[in-house]
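First comes the structure, then the notes that go with it.
The values are calculated or read from the model by the stated rules, or taken from the named source; none is laboratory data. Owing to the predicted nature of the structure, the values given are computational and were not obtained by experimental measurement. Please note: Cβ atoms are built from the backbone with ideal geometry, for glycine as well, and neighbour counts cover all protein chains shown.
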Ligand code: NAD
């Protein structure tokens, strides 16, 4: 294990108390004299109000902040690995997400934790909020209700909706898998994939890896009760309680494999685990049962299902985890900031599957251009150019799919996206130089 000894909880507690909030709202129009408020507020502001009223609600994207405004919405029912800790306790996470949205994607995101644990009430609240926003990011909502909420909102909203615990993970997992397969020289439609865990993360990975060309019949999915198959004793119950998982039981595992993780890994080319913190969920000896050149994604946080060095000792050719202290970090932050940058820039009505795949190919392609190898299958988060390419890919696909409210040429897209992605970094420099953001201890301890 790496020599990480930092007490992140203590440092974070102290700094959260000192800064009391990680983002703030700032003006973006000149206010040089008080009379300027006659433009930005009354009486002048009635002009844009009337325009929007006369010509239709979509004009709010042109006249207001809406075009770049996203909500990070959570009911706090499955926050990080902490479980159902409620909306207030989830707020620091949603605020952190809003910070990442701004810093990496130039997206104005606000955290919205809501007291709506009933899924239909949650859906109603988001629908009611729609006129304020250009896109919705759902976060840390328990499974299986998160599947229902995403599907329903996707159906009824006229702005894109994204559930990062599902799609964000799936996006970066798919990008990493595409490159890992290039390295080992296997093709997606041929490989046998074992999925360990059938929750928010893996259910979505299965969906999109299938859409990208993998054969569901060659997939074996394991949850805490063992391998999914049509004759598992709980399938009747699943049909009612979790139809998404039920569908998997019916469509995967053509060979009818039964048992648990070792049986699923036998002869598999790839294992993608998003189950529960390890180590020891996947044992070394089970990796030895896999096909040649095994690919191991052990994504559980904070400790992967198997330590990377154990997987390697057992013969894994490529190992990815959710952690930044090992190579190949499968990190949602490579996905959502650019996806939102893309959809907001062209004011998309929907997030389609093809837009998702375009983002995955862009992430994979960017890493490939830089030179992929066993320890570099996805780019790292510190590369703004990657976010620009990914955002352009999403925006172009949205225009192609006919879900964009705006049409831009590639060069126009690139110019706008580049400016927006670098803008917060410029602000940060100015704020630091002018002591508007101060470096307070124990910031420097980390
Ligand atoms: P979830 O609670 O929705 O699903 C967990 C699934 O794992 C369930 O299907 C459960 O039955 C199964 N499971 C639990 N213990 C198991 C075991 N011993 N064997 C087989 N299956 C088991 O959770 P989620 O949101 O899907 O997240 C799962 C894990 O993945 C968490 O540890 C989370 O931190 C991690 N994750 C990592 C990333 C990343 O970017 N690296 C992203 C999302 C989630």
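Considering 47, 76, 57, the condition of being within 27 Å of residue 153 (Cα to Cα), at pLDDT 95 or above and more than 26 Å from the chain's Cα centre (by Cα) is satisfied by 57 alone.
Residues that are closer than 14 Å to residue 67 by Cα and either within 16 Å of the ligand (Cβ to nearest atom) or in a helix (DSSP H, G or I) (or both) within the range 103-148 comprise 105, 130, 131, 132, listed in sequence order. Any residue that is surrounded by 17 or more Cβ atoms within 10 Å (Cβ to Cβ) and within 19 Å of residue 319 (Cβ to Cβ) - is there at least one of those in the range 153-169? For the range 153-169, residues surrounded by 17 or more Cβ atoms within 10 Å (Cβ to Cβ) and within 19 Å of residue 319 (Cβ to Cβ): present.
For the range 183-198, taking the residues that are surrounded by 20 or more Cβ atoms within 10 Å (Cβ to Cβ) and away from the ligand (no atom under 16 Å from the Cβ), the one that is farthest from residue 249 (Cα to Cα) is identified as 191.
When residue 324 is tested against the conditions (1) in contact with a strand residue (DSSP E or B) (Cβ under 8 Å, 6 or more places away or on another chain); (2) within 16 Å of the ligand (Cβ to nearest atom), the lone failure is (1). Taken over the range 211-262, residues that are touching a helix residue (DSSP H, G or I) at 6+ places or on another chain (Cβ under 8 Å), within 14 Å of the ligand (Cβ to nearest atom), assigned to a loop (DSSP other than H, G, I, E, B) and over 29 Å from residue 178 (Cβ atoms) amount to 1.
Does residue 151 fit the bill of being under 30 Å from residue 210 (Cβ atoms), under 19 Å from the mean Cα position of the chain (by Cα) and away from the ligand (no atom under 15 Å from the Cβ)? Here the answer is yes, as residue 151 does meet what is asked.
Here's the yes/no breakdown for (1) farther than 27 Å from residue 391 by Cβ; (2) in a helix (DSSP H, G or I); (3) in contact with a strand residue (DSSP E or B) (Cβ under 9 Å, 6 or more places away or on another chain); (4) away from the ligand (no atom under 16 Å from the Cβ):
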| position | (1), (2), (3), (4) |
| --- | --- |
| 305 | yes, no, yes, no |
| 309 | yes, yes, yes, yes |
| 319 | yes, no, yes, no |
| 333 | no, yes, no, no |
| 337 | no, yes, no, no |
| 340 | no, yes, yes, yes |
| 344 | no, yes, yes, yes |
| 351 | no, no, yes, yes |
| 354 | no, yes, no, yes |
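Reported count of residues in the range 188-210, each being in a loop (DSSP other than H, G, I, E, B), in contact with a helix residue (DSSP H, G or I) (Cβ under 6 Å, 6 or more places away or on another chain) and within 14 Å of residue 276 (Cβ to Cβ), is 1.
Let's see how each residue does on (1) buried (at least 23 other Cβ atoms within 10 Å of the Cβ); (2) touching a residue at least 60 places away in the same chain (Cβ under 8 Å):
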{"residue": "60", "(1), (2)": "no, yes"}
{"residue": "94", "(1), (2)": "yes, no"}
{"residue": "103", "(1), (2)": "no, yes"}
{"residue": "124", "(1), (2)": "no, no"}
{"residue": "130", "(1), (2)": "no, no"}
{"residue": "139", "(1), (2)": "yes, yes"}
{"residue": "144", "(1), (2)": "no, yes"}
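With the condition kept exactly as written, say whether any residue in the range 71-88 is assigned to a helix (DSSP H, G or I), surrounded by 13 or more Cβ atoms within 10 Å (Cβ to Cβ) and in contact (Cβ under 8 Å) with a residue 24 or more places away in the chain.
yes
Selection within the range 273-300: residues that are farther than 16 Å from residue 190 by Cα and in a strand (DSSP E or B). The member of this set that is farthest from the ligand (Cβ to nearest atom) is 296. Residue count for the range 217-239 satisfying the condition of being farther than 21 Å from residue 282 by Cβ and crowded, with 20+ Cβ neighbours inside 10 Å: 1.
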